[in-house]
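The values are calculated or read from the model by the stated rules, or taken from the named source; none is laboratory data. Keep in mind that what you see is a predicted model, and the values were worked out from it rather than measured. So basically every Cβ, Gly included, is an ideal-geometry build from the backbone, and we count neighbours across all protein chains shown.
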């Protein structure tokens, strides 16, 4: 069982896990009540995100990675973020996907079980000395003047083992949009990837929406079936807030089917 940590209260967790179309988990009450209050109060001002993106742009995602945390940010974030990028957290979080990792990635499972991976921090360490690089990011989606989706259906980096997003929805944010969306490839459809590993909306079926809700984590095991995105956001002057953490391996964890690679390559040639 996932061990209790300083910032988490796993005894209060409400966990909903699914294995179809790929392993994903919803965790409510992820942070302890006290921690969530501090995280909400100390969330960085939007102006600090200008270093990585245009905060005036319509509904775009901007993130600040752990290695980029500046002195302008509350010192709390350095301590808090470091909690999610150490060996103990990595191995314990992997336990949530134990059998799934064993089924999809048996070689990796054996190394995780033996705890013999060299674990480092993205942006600080490199794959020259590490097998796995962990990252923690604070993120926003800018206010919405025109209804759009932050990110349509897509696959994550093939080196990623898991991704987790913890929503930090403001108390006065009454929007009902911007939900994490789990997609399933339609029957008889070949997986075809566009730019940035995007998947055509016409090729997928929406399997589940995980609503943008305070102190809720949406997390999934990254596989060649793990198509996901964000539902369109309604017009609002509110910022969509979250933090995220993930684990990247040195090598690709899976290969997309040959047919998919051929089709994707042909489409890229045609588009050029």
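Could you identify the single residue in 51, 121, 62 that is closer than 27 Å to residue 36 by Cβ, at pLDDT below 95 and in contact with a strand residue (DSSP E or B) (Cβ under 9 Å, 6 or more places away or on another chain)?
Values: 121 fails: at pLDDT below 95; 62 fails: at pLDDT below 95.
So the residue among 51, 121, 62 that is closer than 27 Å to residue 36 by Cβ, at pLDDT below 95 and in contact with a strand residue (DSSP E or B) (Cβ under 9 Å, 6 or more places away or on another chain) is 51.
Return the residues of the range 186-196 that are within 20 Å of the chain's Cα centre (by Cα) and either at pLDDT 90 or above or exposed (fewer than 13 other Cβ atoms within 10 Å of the Cβ) (or both); say none if nothing qualifies.
Passing the criteria: 195, 196.
From the list 152, 98, 123, pick out the single residue that is over 30 Å from residue 76 (Cα atoms), surrounded by fewer than 18 Cβ atoms within 10 Å (Cβ to Cβ) and in contact with a helix residue (DSSP H, G or I) (Cβ under 8 Å, 6 or more places away or on another chain).
Values: 152 fails: surrounded by fewer than 18 Cβ atoms within 10 Å (Cβ to Cβ); 123 fails: over 30 Å from residue 76 (Cα atoms).
The conditions single out 98.
Examine the range 18-30 for a residue that is surrounded by fewer than 16 Cβ atoms within 10 Å (Cβ to Cβ), in contact (Cβ under 8 Å) with a residue 40 or more places away in the chain and part of a loop (DSSP other than H, G, I, E, B), and state whether such a residue exists.
Keep residues of the range 18-30 that are surrounded by fewer than 16 Cβ atoms within 10 Å (Cβ to Cβ), which gives 18-20, 28.
Adding the requirement that they be in contact (Cβ under 8 Å) with a residue 40 or more places away in the chain leaves 18-20, 28.
This time we only want the ones that are part of a loop (DSSP other than H, G, I, E, B), so: 19-20.
Checking the range 18-30: at least one residue is surrounded by fewer than 16 Cβ atoms within 10 Å (Cβ to Cβ), in contact (Cβ under 8 Å) with a residue 40 or more places away in the chain and part of a loop (DSSP other than H, G, I, E, B).
Being touching a residue at least 24 places away in the same chain (Cβ under 8 Å) and touching a helix residue (DSSP H, G or I) at 6+ places or on another chain (Cβ under 6 Å) narrows it down to one residue among 163, 223; which is it?
Selected residue: 223, the only one of 163, 223 that is touching a residue at least 24 places away in the same chain (Cβ under 8 Å) and touching a helix residue (DSSP H, G or I) at 6+ places or on another chain (Cβ under 6 Å).
Cβ-Cβ under 6 Å, sequence separation 6+ or interchain: first residue in the range 94-107 and modelled with pLDDT of 95 or more, partner surrounded by 14 or more Cβ atoms within 10 Å (Cβ to Cβ) and part of a helix (DSSP H, G or I). Which pairs?
Pairs found: 94/112; 101/109; 102/109.
For the range 31-47, which residues satisfy the criterion of being within 21 Å of the chain's Cα centre (by Cα), more than 28 Å from residue 208 (Cα to Cα) and either outside any loop (DSSP other than H, G, I, E, B) or free of Cβ contacts under 8 Å to residues at least 24 places away in the same chain (or both)?
Of everything in the range 31-47, those that are within 21 Å of the chain's Cα centre (by Cα), more than 28 Å from residue 208 (Cα to Cα) and either outside any loop (DSSP other than H, G, I, E, B) or free of Cβ contacts under 8 Å to residues at least 24 places away in the same chain (or both) turn out to be 35, 46.
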